[in-house]
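Encoded as C-alpha cells, the structure appears first; notes follow it.
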Amino acid sequence: MEFVWTSTVIAIVAFVLLYFLLNKYAFGPLFGIMEKRRELVQEQISSAENNRKQAEQHLEEQKQALQQARKDAYEIIEQAKTTSTKQADVIIESAKAEASRLKEEAVQDIQTEKNKALAAVRSEVSGLSVKIASKILDKQIDQKAQEQLVDQYLNEVGGKP
Amino acid sequence: MHVFPIIELGGIPFDLSSIIAILVSSILVFALARAAVSNLSVHNPSKIQNFMEWVLEFMHSTIASTMPMHRAKRFITLGTTLIMFIFISNLLGLPFGIVTDVKEELKWGNVVVISQETIEEHGGYAHVAWWKSPTADIAVTAGLAIVVFLLVHILGLMMNTKHYLKHYFEPYWFFFPLNVIKEISKPVTLALRLYANIFAGEVLIATILMLGWIGFPLLSIWQGFSIFIGAIQAFLFTVLTMVYISQATVHEEEGH
C-alpha cells in the first residue's frame, strides 16, 4: 500500500466540487422547498386558527340571536295574553252594559205599555159609563134625578180643578 | 495481495483505482441528490425527495446536538455531503471487485500501468484491483481529513479569533505543545479510523473469497456487517467533524 499524494489532491478537489455542486443544484433548492413547506404549514395553522375563531364568533352570534328570538317569542306570548285578558274584560263589560241597557229598555217598554193600557182602559170605562149613563137616563130620568145628576156633574166639574 | 494500477504522467503518480472510485462515488452522490430534487414539490413530494428531506433533517438534528441550534443550519450541507460521500464510498467496494491478472508489463501507449518490477516482486504475476472503496485508500481519507482540518481552523480563526487562539495556551502557556499535538491528532485519527475500518473490511472480503464456496455465507454476513460499519464510520466522521468545528468556533459561555 503506497501513499499516492495525487489521490489526496483529487479527493479534496472532488469533495469541494461536490460540496458546491450539491449546495447549488441539490440542497439549495431542497432547502427552499422545505422552507416553503414550513411557511405553508405555518400559514395553514394560522388560517385554521382564524377559522376557529370566526366559527366561535359565529356560534356566539347564533346563540345571541337564538336568545333574542326566544325573548321576543316570550314577549309576544305575554303581550298576547294580556291583550286577550283585556279584550275578554272589554267584551264582558260591553255584554254587561248591553244586558242592562236591554233590561232598562224592557222596563221602559213595560211602563209605556202599562200606561197605554191604562189609558185605553180609562177611555173604555168612560165610554161605557157614558153608554150606561145614557141608558139609565133614557129609562128612569125624572126631574129630581136629573137635577141631582146635573148637580153631581157640576160638583165634579167644580170640585176638580 | 492486490496491486493497484498506479501510472506516472510527467513524473506525477496517479492511482487509477482511487481516481475511478472517487469519480464514481462523487457522481453517484450527485446523481442521487439530483434525483431527489428533480421533481421538487411542496405538497406532493416524491419518495426520494422525502428521503433526502429526511437526510437533511437528520443531519440538522445531529449537528444541532453538537453546537447551538442557530449555528447548525449553515453546516447542514457540509454534513450531508460528507455523510453521503463517505457512506457511498464505503459501500462501493462491497458488492463486487474488478481484478485482472497481469503477467506481463501492462502499458497504455507510453504509460506504464504495471511495471515489470512490480510483477516480478509479486512472483511473476500481479492481481491488479481496479475497483475499491475510495475510503479504503488512506490518501483519500487523508484528503477528507485535510478538508476538515482546514475548515475547522479557518472557521475557528474567522468566527472565534480570540478564544480560538487562546485555547492553545490553556490551561497554562507551557501546554502549547500538547494542544498542538491534540489539534494535529484530530485529523490524523479521522483519516486513519475511516481508512482502517474500510480497508480492513475489504481485506477480509478478499480473504473470505480465497475460501471459495465455503466462504459464501460468511461473505454475505460480512458484507452486511460492512454496510453497518460503513454507515457507522460515515456518521462518526461527520459527527466528529461537527464536534471539532463546534469546539473551534463556539465559545464555552456562548454555548450555554
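Just to verify a result, which residue in segment B:94-108, among those that are open to solvent by less than 70 Å² (accessible area, probe 1.4 Å) and outside any strand (DSSP E or B), is farthest from B:Gly230 (Cα to Cα)? Filtering segment B:94-108 for residues that are open to solvent by less than 70 Å² (accessible area, probe 1.4 Å) and outside any strand (DSSP E or B), the one farthest from B:Gly230 (Cα to Cα) comes out as B:Gly97.
Across segment A:17-32, which residue is surrounded by the fewest Cβ atoms within 10 Å (Cβ to Cβ) among those that are closer than 15 Å to B:Ile22 by Cα and at the interface with chain B (Cβ under 7 Å from one of its Cβ atoms)?
Per the stated criteria, the residue is A:Tyr19.
Just one residue in the set B:Lys47, B:Lys73 is open to solvent by 80 Å² or more (accessible area, probe 1.4 Å), under 22 Å from A:Asn23 (Cα atoms) and within 10 Å of chain A (Cβ to nearest Cβ); that residue is B:Lys73. Within the set A:Glu2, A:Glu35, the sole residue that is within 22 Å of B:Ser46 (Cα to Cα) and either aliphatic (A, V, I, L, M) or within 11 Å of another protein chain (Cβ to nearest Cβ) (or both) turns out to be A:Glu35.
Taking each residue of segment B:24-44 that is touching a residue at least 60 places away in the same chain (Cβ under 8 Å) and on the phi < 0 side of the Ramachandran plot and looking for partners that are assigned to a helix (DSSP H, G or I) and surrounded by 15 or more Cβ atoms within 10 Å (Cβ to Cβ) with beta-carbon atoms closer than 7 Å, six or more apart or interchain, yields B:Val24/B:Leu92; B:Ser25/B:Phe85; B:Ser25/B:Ile88; B:Ser25/B:Ser89; B:Ser25/B:Leu92; B:Ser25/B:Pro134; B:Leu28/B:Ile88. Within segment B:140-174, being crowded, with 21+ Cβ neighbours inside 10 Å, away from chain A (no Cβ under 14 Å) and among the aliphatic types (A, V, I, L, M) holds for one residue alone: B:Val152. Residue-level check: of (1) in a helix (DSSP H, G or I); (2) more than 14 Å from chain A (Cβ to nearest Cβ); (3) among the hydrophobic types (A, V, I, L, M, F, W, C); (4) open to solvent by 60 Å² or more (accessible area, probe 1.4 Å), B:Leu91 misses just (4).
In segment B:175-198, which residues are open to solvent by 60 Å² or more (accessible area, probe 1.4 Å) and closer than 29 Å to A:Glu2 by Cα?
Result: B:Ile181, B:Lys182, B:Ile184, B:Val188, B:Leu192, B:Arg193.
Beta carbons closer than 9 Å, at least 6 apart along the sequence or on distinct chains, pair a first residue in segment B:138-150 that is at negative phi and in a helix (DSSP H, G or I) with a second that is of a type in the set (Asp, Glu) and surrounded by fewer than 20 Cβ atoms within 10 Å (Cβ to Cβ) for B:Ala139/A:Glu2; B:Phe149/B:Glu183.
The values are calculated or read from the model by the stated rules, or taken from the named source; none is laboratory data. Treat the numbers as computed from the prediction; the structure is a model and nothing was measured. Ideal geometry is used to build each Cβ from the backbone, glycine not excepted, and the neighbour counts take in all protein chains shown. SASA here: full protein model, heavy atoms, side chains in, ligands and nucleic acids out. Shrake-Rupley method; radii C 1.70, N 1.55, O 1.52, S 1.80 Å.
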